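Heads up: the structure comes next, in structure tokens.
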Ligand code: TXA
Ligand code: MG
């Protein structure tokens, strides 16, 4: 069992090893940002393409500022409101930040995680940690240590930190000042909702626009991502089970033995927390996982969940 203690994790990370650590969103595959060999190892373990940039984790705003050439007041306010927490800020990168982390982009994505153990590790190490989600590229993200273990067998040391309390990844956001106002872009919806961001910026009297932009601005956030072992089918309107099975078989061009329904709790927070575990639990041989999309799931708090489900899905039936 590759579980290691916090002390051992700090020692290993300090030596340049890669360690899976808990955060409040998902488990991350962490390595110190100042070692190229360590960064390469992260990509290798995940089978992750180099065009997909990594998020850098810090213990404080002070440490974040060492990674960027600009920390505008709007970022200071966002960090003050939501850090530690599931918000990642995209900033112009300092020259010292390796292009391996940023996939050659002029920007670096930074966040401060809200998990006691992650923060403790970051403080003791006092070097920022690059950490993508601790799963193979394209697979479902891990919200328990045993998910990480199943994903990488015995090749990765893991710090046990319990179940992740948020359950979906951080919101990735950028803000640029243009023509007298702030252009805020949500590059990946996540643990902090657009509404929470809007409320804060209004309260602080910023002039701003906010929009969700699709994945080209957030390179790794590709269309097919977060996929569990069984195909996921999103169903928008009712059809009886037999008709549904026929439609799925026609579209997937193969027989389906069982349709297993993913039932989401009514609370979006609870749904986010359970989502990845449920996708794993419901994966069986020759089944499909069907999930009903209800109109009441269109509210802002559901945005991250449906973003993940749409990317996990093989088929969308209107
Ligand atoms: O909650 C999280 O953010 C988790 C935990 C471990 O902190 N980490 C995570 O990392 O989700 P990862 O590597 O699975 O997703 C990072 C994504 C990239 O795929 C990309 O979409 C976006 O963050 N990203 C990173 N750097 C960026 C940049 N400079 N500009 C735009 N998007 C960036
Ligand atoms: Mg990921």
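The values are calculated or read from the model by the stated rules, or taken from the named source; none is laboratory data. Just so you know, these numbers come straight off a predicted model, no measurement behind them. Methodologically, a virtual Cβ is constructed for each residue, glycine included, from the backbone with ideal geometry; neighbour enumeration extends over all protein chains shown.
Scanning the range 40-59 for residues that are touching a helix residue (DSSP H, G or I) at 6+ places or on another chain (Cβ under 7 Å) and within 16 Å of ligand 2 (Cβ to nearest atom) turns up 45, 50, 53, 54, 56, 57. If you go through the range 151-188 and keep only what is within 16 Å of ligand 2 (Cβ to nearest atom) and in contact (Cβ under 8 Å) with a residue 24 or more places away in the chain, you end up with 152, 156, 164, 166, 167, 168, 169, 170, 171, 172, 187, 188. Suppose the filter is in contact with a strand residue (DSSP E or B) (Cβ under 8 Å, 6 or more places away or on another chain), more than 24 Å from residue 151 (Cβ to Cβ) and at pLDDT below 95; does residue 197 pass it? The answer is no for residue 197.
Yes/no matrix, rows are residues, columns are (1) within 16 Å of ligand 2 (Cβ to nearest atom); (2) without any contact (Cβ under 8 Å) to a residue 60 or more places away in the chain:
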position: 232; (1), (2): no, no
position: 237; (1), (2): no, no
position: 245; (1), (2): no, yes
position: 249; (1), (2): no, yes
position: 262; (1), (2): no, yes
position: 267; (1), (2): no, yes
position: 279; (1), (2): yes, no
position: 286; (1), (2): no, yes
position: 295; (1), (2): no, yes
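Residue check: is residue 264 over 15 Å from the mean Cα position of the chain (by Cα), surrounded by 12 or more Cβ atoms within 10 Å (Cβ to Cβ), more than 16 Å from ligand 1 (Cβ to nearest atom) and in a loop (DSSP other than H, G, I, E, B)?
yes
Within the range 27-37, the residues that satisfy the criterion of being in contact (Cβ under 8 Å) with a residue 60 or more places away in the chain and either within 16 Å of ligand 2 (Cβ to nearest atom) or surrounded by fewer than 22 Cβ atoms within 10 Å (Cβ to Cβ) (or both) are 27, 28, 29, 30, 31, 32, 34, 36.
What do you reckon, is residue 84 within 16 Å of ligand 2 (Cβ to nearest atom), within 27 Å of residue 268 (Cα to Cα) and buried (at least 19 other Cβ atoms within 10 Å of the Cβ)? Against the criterion (within 16 Å of ligand 2 (Cβ to nearest atom), within 27 Å of residue 268 (Cα to Cα) and buried (at least 19 other Cβ atoms within 10 Å of the Cβ)), residue 84 does not qualify. In summary, residue 191 fulfils each of the numbered conditions (1) within 16 Å of ligand 2 (Cβ to nearest atom); (2) in contact with a helix residue (DSSP H, G or I) (Cβ under 9 Å, 6 or more places away or on another chain); (3) within 30 Å of residue 254 (Cα to Cα) with the single exception of condition (3). Is it true that some residue in the range 128-140 is assigned to a loop (DSSP other than H, G, I, E, B) and more than 16 Å from ligand 2 (Cβ to nearest atom)? Yes.
Test of understanding: among 228, 265, which residue is under 16 Å from residue 168 (Cα atoms) and touching a strand residue (DSSP E or B) at 6+ places or on another chain (Cβ under 8 Å)? Of the residues listed, the single one that is under 16 Å from residue 168 (Cα atoms) and touching a strand residue (DSSP E or B) at 6+ places or on another chain (Cβ under 8 Å) is 228. Residues considered: 110, 101. Of these, the only one that is more than 23 Å from residue 149 (Cα to Cα), within 12 Å of ligand 1 (Cβ to nearest atom) and assigned to a helix (DSSP H, G or I) is 101.
Looking at 62, 24, 8, 17, just one residue is farther than 19 Å from residue 103 by Cα, near ligand 1 (Cβ under 9 Å from one of its atoms) and surrounded by fewer than 24 Cβ atoms within 10 Å (Cβ to Cβ), and that residue is 24.
Restricted to the range 27-48, and to residues that are part of a loop (DSSP other than H, G, I, E, B) and near ligand 1 (Cβ under 10 Å from one of its atoms), which residue is nearest to residue 9 (Cα to Cα)?
27
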